[in-house]
Amino acid sequence: MRIILQRVSQASVTNLDTQEQTTRSITQGLLLLVGIQDSDTEQQARWLAHKITHLRVFPSDRNPQDNSVLDLRGQILSIPQFTLFAHTKHGNRPDHTAAGTPEHAEQLWHQFNTLLEQEGATVHEGFFGAHMSVNLINDGPYTIIFDTQELGI
């Protein structure tokens, strides 16, 4: 799994594939861009859900990295993004064959979001397989990249 975590003061996602253009939004919290490969597992999703919900990336009066999203009762906006596994070495068109199959990726992404909720987070989901418009106001900016292959998880 590959996740781009961004600390945000607000974020929203709109499904552009539907006529009513449904929007989901959060205030202070975390925006997660989530990429999944076929080799990714529930164990990796569980580790990431725990790590992300307890990660101290929000300031307190004492320390710039003292509070987790749970401490602040912040929210998480989870966006599926298969393009995180694009290969760009050859040619000018990104190759997305390293991304997981839609069936596996959607199932594991929903499971990951459920695991975030089981950790105590309030989670809002993007729209799997849809063309989306994502808007955010970065707080910092504060961005962290998680890659389970690099972490050896």
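Values in this text are rule-based calculations from the coordinates and carry no lab data. Bear in mind that the values here come from a model prediction, so they are computed numbers and not experimental data. A quick note on method: Cβ atoms are made from the backbone with ideal geometry, for glycine too, and the neighbour counts reach across all protein chains shown.
A few comments on the model shown:
- Comparing mean-square fluctuations of Gly126, Gly140, Gly74 from a GNM of the chain with C-alpha springs under 10 Å, the top value falls on Gly140.
- Gaussian network model of the chain, Cα within-10 Å springs - most flexible of Thr23, Thr88, Thr101: Thr88
- Total formal charge among the other residues, if their Cβ is under 9 angstrom from that of Phe146, Lys/Arg +1 and Asp/Glu -1: 0
- Angle between the chain longest axis and helix 102-118 axis [Cα atoms, degrees, rounded to 10]: 10
- Table column - 3J(HN,Hα) (Hz), the range 120-131, Karplus curve with 6.51, -1.76, 1.60, x for Gly and Pro: x, 7, 8, 10, 10, 9, x, 10, 5, x, 9, 7
- For the range 38-88: relative contact order, % (alpha-carbon pairs under 8 angstrom, 6 or more apart): 21
- Residue-wise HN-Hα couplings along the range 51-66, as the Karplus relation 6.51 cos²θ - 1.76 cosθ + 1.60 with θ = phi - 60° gives them from phi, are 4, 5, 6, 9, 5, 8, 10, 10, x, 10, 5, 9, 8, x, 9, 10 Hz; Gly and Pro carry x.
- Rounded to 0.05, the FRET efficiency of the Ser39 and Ser9 pair, given R0 = 30 Å and the Cβ-Cβ distance, is 0.30.
- Karplus-derived 3J(HN,Hα) values for the range 4-21, using 6.51 cos²θ - 1.76 cosθ + 1.60 with θ = phi - 60°, are 9, 9, 10, 7, 10, 8, 6, 7, 8, 9, 10, 7, 8, 7, 10, 5, 7, 6 Hz; glycine and proline are entered as x.
- Selection from Leu55, Gln118, Thr83 lying farthest towards where the dipole of the chain points positive, charges on Cβ: Leu55
- Centre-to-centre separation between the Cα atoms of the range 26-50 and those of the range 53-121: 4 Å.
- For Leu55, the residues 5 or more places off, or on other chains, whose built amide H falls under 5 Å of its own are Val69.
- Considering the chain at the alpha-carbon level, its Rg and Dmax are found to be 15.4, 50 Å.
- Choice from Asn63, Asn15, Asn138 showing the highest fluctuation, given a GNM over the chain with Cα pairs closer than 10 Å: Asn63
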